[in-house]
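A.B. asks: Okay, here's the structure, questions in a sec.
The values are calculated or read from the model by the stated rules, or taken from the named source; none is laboratory data. Bear in mind the structure is a predicted one, so any value in this text is a computation, not a measurement. When we count neighbours, we look across all protein chains shown, and the Cβ atoms used for this are built from the backbone with ideal geometry, even at glycine.
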Amino acid sequence: MLDCSALVNCPNEWAGKIERVIFTETQIEKRVKEMALQISKDYEGKPLVAVGILTGAVVFMTSLLKYFLVPYKLDFMMVSSYASKSTKSSGSVVLKKDLGHDPAGKHILIIEDLIDTGGTLTWLRSYLMSKKCASVKLCTLLDKKERRTAEDIVVDYVGFSCPDKFVVGYGMDFDEQYRCLPFVGCLKPEAYQ
Ligand code: IMP
Ligand code: MG
């Protein structure tokens, strides 16, 4: 059943394409705050660099950082494993934007919107470890565990387990659309097929 109250801030043109709201703005904000408090405890006294993975993680990242109780520096990377207008990962990761600062000796927290196969995070973690960081941890809003193919991937902070559906909103897109929706929802199949 579609939760219409969650669609208040959704452009009409997009509302008709949402099959279901999976996580409401209220649920996400509550969980994000809990995650930020846990992360703040874990990083007390450590020089933290929060690295957002463009573009999907931006909304989640800005929400999370509002609640951090430890100092941090910000940086961004952009990688791509999706072809345009596709809902499937191509499997190979391409680095499109590297860090702006040398991460050597720093504690890096990678902030992602969603882990699917785990290919992107496996690649990012080994790339960053090769730069001699003090530590590399992973934080994601959503985890589609069922779809994992990468082995040995430990995700340190997870917002929610996500059903095996292509999702949009809260930063996540299909073909660069739907990113600004304040909830996470799944699309009707006709919207992406
Ligand atoms: P992975 O490498 O297969 O784990 O894919 C991770 C990246 O693919 C995520 O960071 C997302 O940007 C993107 N992605 C995977 N599933 C979805 C989805 O359902 N909606 C939007 N983006 C997705
Ligand atoms: Mg992403």
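A.B. asks: Would you check if F183 is out of contact with any Gly (no Cβ under 8 Å at 6 or more places or on another chain) and not polar (S, T, N, Q)?
C.D. replies: No.
Listed here are the residues, each with its yes/no results for (1) out of contact with any Ser or Thr (no Cβ under 9 Å at 6 or more places or on another chain); (2) within 12 Å of ligand 2 (Cβ to nearest atom); (3) hydroxyl-bearing (S, T, Y).
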{"site": "H107", "(1), (2), (3)": "no, no, no"}
{"site": "T120", "(1), (2), (3)": "no, yes, yes"}
{"site": "L128", "(1), (2), (3)": "yes, no, no"}
{"site": "L142", "(1), (2), (3)": "no, yes, no"}
{"site": "F160", "(1), (2), (3)": "yes, no, no"}
{"site": "G171", "(1), (2), (3)": "no, yes, no"}
{"site": "F174", "(1), (2), (3)": "no, no, no"}
{"site": "Q177", "(1), (2), (3)": "yes, no, no"}
{"site": "C180", "(1), (2), (3)": "yes, no, no"}
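A.B. asks: Out of all the residues in segment 63-81, is one or more under 12 Å from the mean Cα position of the chain (by Cα) and either more than 15 Å from ligand 2 (Cβ to nearest atom) or modelled with pLDDT under 95 (or both)?
C.D. replies: yes
A.B. asks: Output the number of residues of segment 119-137 satisfying the condition of being crowded, with 22+ Cβ neighbours inside 10 Å and on the phi > 0 side of the Ramachandran plot.
C.D. replies: The total comes to 0.
A.B. asks: Can you find a residue in segment 128-138 that is among the polar types (S, T, N, Q) and within 11 Å of ligand 1 (Cβ to nearest atom)?
C.D. replies: no
A.B. asks: Does at least one position in segment 145-153 carry a residue that is closer than 19 Å to G56 by Cα and either more than 9 Å from ligand 1 (Cβ to nearest atom) or among the hydroxyl-bearing types (S, T, Y) (or both)?
C.D. replies: Yes, the conditions are met somewhere in segment 145-153.
A.B. asks: Quick check: anything in segment 145-160 in a loop (DSSP other than H, G, I, E, B), farther than 30 Å from N9 by Cα and among the hydroxyl-bearing types (S, T, Y)?
C.D. replies: So the first thing to find is which residues in segment 145-160 are in a loop (DSSP other than H, G, I, E, B), and the list is 148-156.
With farther than 30 Å from N9 by Cα added as a condition, the list becomes 148-156.
From what's left, among the hydroxyl-bearing types (S, T, Y): 149.
So far as segment 145-160 goes, yes, one or more of its residues are in a loop (DSSP other than H, G, I, E, B), farther than 30 Å from N9 by Cα and among the hydroxyl-bearing types (S, T, Y).
A.B. asks: Here's a follow-up. Tell me which residues, restricted to segment 149-183, are farther than 24 Å from Q193 by Cβ and buried (at least 17 other Cβ atoms within 10 Å of the Cβ).
C.D. replies: Matches in segment 149-183: V155, Y157, V158, G159, P182.
A.B. asks: Select from segment 95-127 the residues that are within 16 Å of ligand 1 (Cβ to nearest atom), within 17 Å of V58 (Cα to Cα) and among the β-branched types (V, I, T) and list them in ascending order.
C.D. replies: I110, I111, I115, T120
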